[in-house]
1. Return yes or no: is residue 99 within 30 Å of residue 176 (Cα to Cα), in contact with an Asp or Glu (Cβ under 6 Å, 6 or more places away or on another chain) and free of Cβ contacts under 8 Å to residues at least 60 places away in the same chain?
2. Keeping to region 11-46, report how many residues are surrounded by 14 or more Cβ atoms within 10 Å (Cβ to Cβ) and of a type in the set (D, E, K, R).
3. Given the structure, is residue 189 crowded, with 18+ Cβ neighbours inside 10 Å, within 26 Å of residue 71 (Cβ to Cβ), in contact (Cβ under 8 Å) with a residue 24 or more places away in the chain and touching a Lys or Arg at 6+ places or on another chain (Cβ under 9 Å)?
4. Among the residues of region 70-91 satisfying the criterion of being out of contact with any strand residue (DSSP E or B) (no Cβ under 9 Å at 6 or more places or on another chain) and at pLDDT 85 or above, which is nearest to residue 48 (Cα to Cα)?
5. So how many residues does region 47-84 have that are charged (D, E, K, R), in a loop (DSSP other than H, G, I, E, B) and buried (at least 21 other Cβ atoms within 10 Å of the Cβ)?
Amino acid sequence: MLQSNPRVLVVDPEPQIRKMLAAALAGQDYQVLVAESATEALRLAGLYQPDAVLLESVLENDDGLVLIDSLREWTRTPILVLSEQDDPQHIVTCLQRGANDFVAKPFNMQVLLARLEVALRDHVVQEEGDSTLTCGDIEVDLLRHEARKQDVVLELSPREYELLSYLIRNKGNMLTHRQLLKALWGEAHAHDRQYLRVYIKQLRHKIEPDPHQPEYIITETGVGYRMDEPGKFNSISRLASSKCRLPTKAIA
């Protein structure tokens with residue numbers, strides 16, 4: 001199900017194109033962000049987490065392909081390339097670098113809007129392929145956009161919900177601070193570790209039996225965090241400890 005008023009980032013060096021696209025998108029109840037450079041686009045993407053990006057592949061003093069690379073490091077949001085360079089090799093290159101679709105300029109606005117809707121719909125289907133995430137007695141319902149513990153709804157902020165969902169999706173895997181920050185807050189906050197610590201602390205207080213001795217969100221000192229089933233971390237630690245213990249020899 002598409003969310004109401006999806007947010008679209010328009011990246012184009014031409015003011016007229018930005019204005020035309022912004023007006024057409026707003027007329028279809030999209031929230032619109034506009035940028036004329038890759039630097040500004042990355043800043044806005046990190047701050048506002050757009051649901052889709054409309055991108056000119058040739059930017060002044062920038063390379064739109066590099067922007068695609070940068071976005072794909074931390075987000076799977078649909079990217080539609082709009083460009084006058086419509087030779088087959090350029091189209092193939094854009095798609096191989098991570099674009100979801102390519103629309104040649106000049107374009108028909110109705111066709112572009114239809115392709116955008118398809119890209120958004122396909123993205124939602126991929127994200128909701130499995131509508132429920134679980135870890136121990138915690139369950140995240142992606143369709144209802146809510147989390148429960150022992151069938152009691154958890155009162156989470158939108159960001160706490162996103163963090164919990166991301167951790168459970170990657171359950172059992174060590175996630176670095178940078179990975180988490182880029183995935184949830186974007187490139188602009190990739191080094192704000194204290195920002196992440198605050199949200200981890202808040203989330204632990206809502207899901208852990210004892211936030212000071214966490215069983216779900218395990219700290220990997222100096223590296224990041226890992227989401228695990230309760231008790232699994234302690235079991236692994238005990239097993240590793242027993243394997244490292246040398247047998248004692250009897251003294252004659």
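The values are calculated or read from the model by the stated rules, or taken from the named source; none is laboratory data. This is a predicted model, so every value here is computed, not measured. Positions of Cβ are generated from backbone atoms using ideal geometry, with glycine treated the same way; all protein chains shown enter the neighbour counts.
1. Details: within 30 Å of residue 176 (Cα to Cα): yes; in contact with an Asp or Glu (Cβ under 6 Å, 6 or more places away or on another chain): no; free of Cβ contacts under 8 Å to residues at least 60 places away in the same chain: yes.
Criteria not met by residue 99.
2. Qualifying residue count, region 11-46: 5.
3. Numbers: crowded, with 18+ Cβ neighbours inside 10 Å: no; within 26 Å of residue 71 (Cβ to Cβ): yes; in contact (Cβ under 8 Å) with a residue 24 or more places away in the chain: yes; touching a Lys or Arg at 6+ places or on another chain (Cβ under 9 Å): yes.
No: the conditions fail for residue 189.
4. Among residues in region 70-91 that are out of contact with any strand residue (DSSP E or B) (no Cβ under 9 Å at 6 or more places or on another chain) and at pLDDT 85 or above, the one nearest to residue 48 (Cα to Cα) is 70.
5. If we filter region 47-84 for residues that are charged (D, E, K, R), which is where we start, we get 51, 56, 60, 62-63, 69, 72-73, 76, 84.
Keeping just the survivors that are in a loop (DSSP other than H, G, I, E, B) gives 51, 60, 73, 76, 84.
From the residues that got through so far, the ones that are buried (at least 21 other Cβ atoms within 10 Å of the Cβ) too are 51.
Counting residues in region 47-84 that are charged (D, E, K, R), in a loop (DSSP other than H, G, I, E, B) and buried (at least 21 other Cβ atoms within 10 Å of the Cβ) gives 1.
Conditions (1) touching a Phe, Trp or Tyr at 6+ places or on another chain (Cβ under 6 Å); (2) outside the structural domain of residue 76 (by TED's automatic domain parsing); (3) part of a loop (DSSP other than H, G, I, E, B); (4) at pLDDT 85 or above, marked per residue:
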| residue | (1), (2), (3), (4) |
| --- | --- |
| 168 | no, yes, no, yes |
| 188 | no, yes, no, no |
| 201 | no, yes, no, yes |
| 204 | no, yes, no, yes |
| 214 | no, yes, yes, yes |
| 218 | yes, yes, no, yes |
